[in-house]
Amino acid sequence: MVRLITHNLLACHAKGCTSNNFPLQFQDVSIELRDADFNADFLRGFLPRLEWPALVGAARQLGDTSLPAEQPDMIDDEFLQKLHHVLLEIHVEEGAMVCPNCKHVYPISNGIPNMLLAEHEIG
Amino acid sequence: MIPTPDLSHLKAADYQHVYEPAEDTFILLDALEEDADVLRNLHPRICLEIGSGSGCVSTFAGKILGSTTSLYLATDINPHATQCTKLTGRQNKVPVEPLLASLAGPLRSRLRHSVDILLFNPPYVPTNSAEADEAQQDADIAGAWAGGQDGMAITDILLDQVESLLSPRGRFYLVAVKQNDIHGICRRMQEQYGLKGEVALQRRAGREHLYVLRFLRQPADT
Ligand SMILES: C[S@@+](CC[C@H](N)C(=O)[O-])C[C@H]1O[C@@H](n2cnc3c(N)ncnc32)[C@H](O)[C@@H]1O
Ligand SMILES: [Zn+2]
């Protein structure tokens, strides 16, 4: 269950890869949609911690274009519903995430991302 | 009383590769339960558990705080553990998000000063350092306990990252044993990072003298 809320918090951490290492790009993914309970307070509280353009871009890679390119000033319920779906209900089950800088591939299998590095890649 | 998470989906075969909750797990659950009101009042948005094993602790945190009030991230180096963590979350209706990673690895840069509750029940048993290195490489059951010199080889690395992870009101809960040098850990966190450590709970369990240490930022005005 790599959800976009988590994807938004992951950066490449391979040795020496310190710039342009976020957001990771999805590759060959299969996704599942699962309902999650809605909590407006949580979403409002989480908004400041999101990198908005990265979220919008990642959602588009997964075929969801419901979010506006710029984070709106007015946070209404309709917007929060969309945000809820994008952050919490789209699960990437298989595929990979690729670093835009060093091209390191982080595989996703059974909904779990493999973010481990080999010994020589650890910074 | 918050019930211990339902682990009935995990079988003896799982516990050949994944740490089965034991006294060290339970003392951490007890410490969290004692602090339940304070933790709820933090309105945590991000909980991060390092080394989640069966997933019991993160799931329990989710039961205290509510399944929708926070994001529950959990890392482990052991692929069996990340799988069990996912299943335990699901079994108990807490969406715990497992990541196969060492310590906070790929989360560190984005979670700078963002983690409200950080949890670690580390491999704390003193072993020789080759044994700990090998256990880290193998990423199987020995990685649950083999802690190298003073049992601190793995914990030491995380201790140097805690301040950069914790949010302004964030808290860190660490399981330790006497041989880890409880006072040394607290002194160092205070001197190097200005994090105040205290013993949240301690008890004897068989041969082990177990502690849960709780670290907080100093209030700005003291
Ligand atoms: C004592 S067990 C605790 C498991 C579970 N949290 C509990 O309390 O029952 C320690 C866990 O840390 C994991 N671990 C060991 N080294 C690690 C590392 N470098 N990064 C992340 N997890 C690690 C082990 O695989 C194991 O699951
Ligand atoms: Zn990279």
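The values are calculated or read from the model by the stated rules, or taken from the named source; none is laboratory data. Just so we're clear, the structure is a prediction, and the values are computed from it rather than from any experiment. Don't worry about glycine lacking a Cβ; one is built from the backbone with ideal geometry, like all the others, and counts go over all protein chains shown. Only protein heavy atoms, including side chains, enter the accessible area calculation; ligands, DNA and RNA are left aside. Shrake-Rupley method; radii C 1.70, N 1.55, O 1.52, S 1.80 Å.
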**OP:** Rank these by accessible area, largest first, 1.4 Å probe: A:34, B:169.
**Re:** B:169, A:34
Original post:
Can you list the aspartates and glutamates whose alpha carbon sits under 15 Å from that of residue A:15, skipping same-chain ones fewer than 8 residues off?
Top reply: A:119, A:121
Subject >> Cα gyration tensor of the protein assembly as shown - equivalent ellipsoid semi-axes, whole Å, descending >> reply: 31, 22, 20
Original post:
Angle between the Cα long axis of helix A:52-61 and the longest principal axis of chain A, 0 to 90 degrees, nearest 10?
Top reply: 80 degrees
**OP:** Multiply the residue separation of residue B:113 and residue B:43 by 0.36 nm, subtract the distance between their alpha-carbon atoms, and state the gained length in nm to one decimal.
**Re:** 23.7 nm
Subject >> Vicinal HN-Hα couplings computed from phi for the stretch B:214-219 (Karplus, 6.51 cos²θ - 1.76 cosθ + 1.60; Hz; Gly/Pro x) >> reply: 10, 10, 9, 5, 5, x
Original post:
How far is it, in nm, from the label point at residue B:192 to the one at residue A:78 when both lie 7 Å from their Cα along the line to the Cβ?
Top reply: 5.3 nm
Subject >> Portion, in percent, of the accessible area of chain B that falls on carbon or sulfur, probe 1.4 Å >> reply: 49 percent
Subject >> For chain B, accessible area per residue (1.4 Å probe, heavy atoms of protein chains only), Å² >> reply: 41 Å²
Original post:
What are the semi-axes of the equivalent ellipsoid for the stretch B:76-136, taken as the square roots of 5 times the Cα gyration tensor eigenvalues, largest first, in whole Å?
Top reply: 23, 18, 11
**OP:** Tell me what chain B gives for mean residue ellipticity at 222 nm when only DSSP H runs of n ≥ 4 count, each as -39,500 (n - 2.57), the sum divided by the residue total, rounded to 500 deg cm²/dmol.
**Re:** -10500 deg cm²/dmol
Subject >> Within the accessible area of the stretch A:2-123 (1.4 Å probe), percent carbon and sulfur >> reply: 47 percent
Original post:
Any idea how far the Cα center of the stretch B:1-57 sits from the one of the stretch B:97-129, in Å?
Top reply: 15 Å
Original post:
Extension gain residue B:128-residue B:22, at 0.36 nm per residue separation less the Cα-Cα distance, in nm?
Top reply: 35.8 nm
**OP:** Could you work out how far the C-alpha centroid of the stretch A:6-72 sits from that of the stretch B:59-84, in angstrom?
**Re:** 19 Å
Original post:
On average, how many beta carbons from a partner chain sit within 10 Å of the beta carbon of a residue in A:44-52?
Top reply: 3
**OP:** Output the Kirkwood hydrodynamic radius of the stretch B:1-117, Cα pairs only, in Å rounded to one decimal.
**Re:** 14.2 Å
Original post:
What is the spread of the Cα atoms of the stretch A:2-121 along each of their three principal axes, largest first, in whole Å?
Top reply: 47, 28, 22
Original post:
So which chymotrypsin sites (Phe, Trp or Tyr not before Pro) in the stretch A:33-104 end up in coil per DSSP with only 16 or fewer other C-beta atoms within 10 Å?
Top reply: A:38
Subject >> Measure of compaction for the stretch B:148-196 (Cα Rg per 2.2 N^0.38 Å) >> reply: 1.12
Subject >> trypsin sites (Lys or Arg not before Pro) restricted to DSSP loop in the stretch B:1-51 with at most 15 other C-beta within 10 Å >> reply: B:11
**OP:** Treating only the Cβ atoms of Lys and Arg (+1) and Asp and Glu (-1) as charged, compute the dipole magnitude of chain B about its Cα centre; round to the nearest 20 debye.
**Re:** 740 debye
Original post:
Considering chain B, what Rg and Dmax in Å follow from its alpha-carbon atoms?
Top reply: 16.0, 52
Original post:
For the stretch A:58-122, which trypsin sites (Lys or Arg not before Pro) are both in a DSSP coil and crowded by at most 14 other Cβ atoms within 10 Å?
Top reply: A:103
**OP:** Provide the buried accessible surface between chains A and B in square angstrom, both chains summed, 1.4 Å probe, rounded to the nearest 100.
**Re:** 2500 Å²
Subject >> For the stretch B:114-216: Kirkwood Rh in Å [reciprocal of mean 1/r, alpha carbons] >> reply: 13.9 Å
